[in-house]
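First comes the structure, then the notes that go with it.
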Amino acid sequence: MLEYKNITCVTAANGIEAIQLLINGEFFDTILMDYHMPILSGLETIDKMKEIFKQNNRTVPLVVLHTSSEEHDVISAFRKNENSHC
């Protein structure tokens with residue numbers, strides 16, 4: 001859907017690939033993360049990404065995609081983080 005609107009997208013098959021993109025120097029305006037990801041969950045991946053951002057003195061808006069029935073406590077805690085959206 002984003003490409004249909006001419007928005008350039010980069011995809012990762014799992015959290016490890018997503019983290020590797022950042023380690024390799026990729027920069028993104030926004031990160032959309034699925035809550036359910038193979039290997040690392042979306043929230044675990046985001047925690048690791050935030051460590052990378054902190055080391056590089058950067059911030060990137062993060063958006064977690066989830067269903068309304070998923071772990072409300074976890075999602076609520078995530079929403080309290082600056083630049084984090086669901």
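Taken together, the values in this text are just the output of simple stated rules run on the coordinates, not laboratory data. Keep in mind that what you see is a predicted model, and the values were worked out from it rather than measured. Because the Cβ atoms are built from the backbone with ideal geometry, glycine has one as well, and the counts that use them run over all protein chains shown.
Which distance in nm do the two modelled labels at GLU51 and LYS5 give, with both placed 7 Å along the Cα-to-Cβ direction?
Calculated label separation equals 3.3 nm.
For LEU40, what charge total do you get from the other residues with a beta carbon under 14 Å from its beta carbon, if Lys and Arg give +1 and Asp and Glu give -1? Display every interim value, and only then the final one.
Values: positive: LYS48, LYS50; negative: GLU17, ASP34, GLU44, ASP47, GLU51.
Residues near LEU40 contribute -3 overall.
ALA12: net charge of surrounding residues, Cβ under 14 Å, Lys/Arg +1, Asp/Glu -1, itself excluded?
The answer is -3.
Work from the charge dipole of the range 1-65 (Cβ charges, +1 for Lys and Arg, -1 for Asp and Glu, about the Cα centre) and give the residue of VAL10, TYR35, LEU62 farthest towards its positive end.
Selected residue: LEU62.
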